[in-house]
Amino acid sequence: MKQTQEIVEYISKWLLTYSDQAAADGFIIGISGGIDSAVTSTLCALTGKKVMVVTMPIRQTKAEHDRATEHIDWLLQQFPNVVAQTVELTDVFTQLEENLGEVTKQHHLAMANTRSRLRMTTLYALGQVNRLLVAGTGNKVEDFGVGFFTKYGDGGVDVSPIADLMKTEVFALGEHLGIVHSIQSAKPTDGLWEDGRSDEDQIGATYPELEWAMQFTGSETELNERQQEVLAIYRRLNRLNKHKMEPIPVCIIPNELT
C-alpha cells in the first residue's frame, strides 16, 4: 500500500481530533488476537491519549487468547498511555445460555452473535466509566461489502478508524507498525466459535477474493468458474446484510395524516 506512514499519521490525527471534540479522555478497544483489533489499538495508542485494551474471553481458543495476550504485552511495552484489563465473560454467557433454553440448541449463530453483543455491552460500560470512546475494528470489506459483523455487537462503536481500508491494506499497516508476527500470520477469524473457524470457513471466500468482487465492474462473461462463484458469494452476502450497512428504516408519516 502506498504512503503507509502517511495513512498511519492521518488516522491517528483524525482519532485525536475526534476525541478532543467529543471531550473524551481516549479510547477503549476489544482485543481479539486478530489483525484488525491489533492495528486499531496501535493507531489509537499513537494519539498519546489513554487507551484501554480489553480481552473478553468466552470459551476462547488458546491460540486466540495467546495472540491477544502477546499483542497487549507488546502494546504495554511500546506505549505508556495503554492500560489493559481482562473481563471473563464465560460464566455470564453460560448463564444466559441456560436461561434462553432451546435457543442455544437450535440457533448456534444467534448465540455466536450474542457473544459479540455481550462484549459490546462490556466495552460501553467500561468506556463510560473511564470517559473513553469505543473504537471499532471493522474494515471496508466487512463493514460495507459483505456485512460480516454483528449488528449491535462489534458493529456497535463510536468511531471506525480502519473502515475505509481493505483487509489487505490493514495487513500492510500491521506489517508497517510492527504488529507481532503471530497475528500477522494468523488466518482471520471473528472469534465467536469454540472450534476457532476462520472467516474464510464461514464466508467461503478469502479477503483478497472479496476485495476483487467488491471492486468488480467488468463483463461477467469473461470470468472463470471460481470468479463467478466468488462474485455470487459477495453479492448474496451484500444483499442479505444490507440491514446492517444502511441506516435503520424509518416509517415516514405522510403530511396528510399528521
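The values are calculated or read from the model by the stated rules, or taken from the named source; none is laboratory data. In this text the structure is predicted, and so the values were computed from the model without any measurement. Every residue, glycine as well, gets a Cβ built from its backbone with ideal geometry; the counts of neighbours run over all protein chains shown.
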I need a count of the residues in the stretch 93-114 that are among the polar types (S, T, N, Q) and either closer than 18 Å to Gly191 by Cβ or surrounded by 13 or more Cβ atoms within 10 Å (Cβ to Cβ) (or both).
4
Scan of the stretch 36-63 for residues that are touching a Leu at 6+ places or on another chain (Cβ under 9 Å) and more than 16 Å from Val159 (Cα to Cα), ordered by number:
Gly48, Val54, Met56, Pro57, Ile58
Within the stretch 29-47, is even one residue out of contact with any strand residue (DSSP E or B) (no Cβ under 7 Å at 6 or more places or on another chain) and free of Cβ contacts under 8 Å to residues at least 60 places away in the same chain?
yes
Mind listing just one residue for me: the one in the stretch 148-185 that is closer than 23 Å to Ala125 by Cα and of a type in the set (Ser, Thr, Tyr) and, of those, surrounded by the fewest Cβ atoms within 10 Å (Cβ to Cβ)?
Tyr152
Regarding Ala63, is this residue among the small types (Gly, Ala, Ser) and surrounded by 15 or more Cβ atoms within 10 Å (Cβ to Cβ)?
no
Residue that is closer than 30 Å to Arg239 by Cβ, touching a residue at least 24 places away in the same chain (Cβ under 8 Å) and among the β-branched types (Val, Ile, Thr), where the choices are Val141, Val92
Val141
Residue check for Asn139: farther than 21 Å from Leu76 by Cα and at pLDDT 95 or above:
yes
Inter-residue pairs, beta-carbon under 6 Å, first touching a residue at least 12 places away in the same chain (Cβ under 8 Å) and under 23 Å from Leu96 (Cα atoms) and in the stretch 56-69, second assigned to a loop (DSSP other than H, G, I, E, B) and of a type in the set (Val, Ile, Thr), 6+ apart:
Met56/Val87
So, Gly136, is that one closer than 14 Å to Gly30 by Cβ, of a type outside the set (Phe, Trp, Tyr) and buried (at least 16 other Cβ atoms within 10 Å of the Cβ) or not?
yes
Looking at (1) of a type outside the set (Lys, Arg); (2) within 19 Å of the chain's Cα centre (by Cα); (3) more than 11 Å from Gly30 (Cα to Cα); (4) not in a helix (DSSP H, G or I), can you tell me which one Val54 breaks?
(3)
Does any residue in the stretch 118-133 that is at pLDDT 95 or above come within less than 7 Å, Cβ to Cβ, of a residue that is of a type in the set (D, E, K, R) six or more places away or on a different chain, and which pairs are these?
Met120/Asp154; Asn130/Asp25; Arg131/Asp25; Leu132/Asp25; Leu132/Lys50; Leu133/Asp158
Restricting to the stretch 203-231, what's the tally of residues that are surrounded by fewer than 20 Cβ atoms within 10 Å (Cβ to Cβ), in contact (Cβ under 8 Å) with a residue 40 or more places away in the chain and under 23 Å from Ser116 (Cα atoms)?
0
Residues within the stretch 240-257 that are of a type in the set (A, V, I, L, M, F, W, C), more than 12 Å from Gly155 (Cβ to Cβ) and surrounded by 10 or more Cβ atoms within 10 Å (Cβ to Cβ), tallied:
1
Answer residue from the stretch 1-46, given it is of a type in the set (Asp, Glu) and assigned to a helix (DSSP H, G or I) and is nearest to Gln60 (Cα to Cα) among those
Asp36
Filtering the stretch 81-92 down to residues that are within 16 Å of Arg115 (Cα to Cα) and surrounded by 13 or more Cβ atoms within 10 Å (Cβ to Cβ) yields Thr86, Val87, Leu89, Thr90, Val92
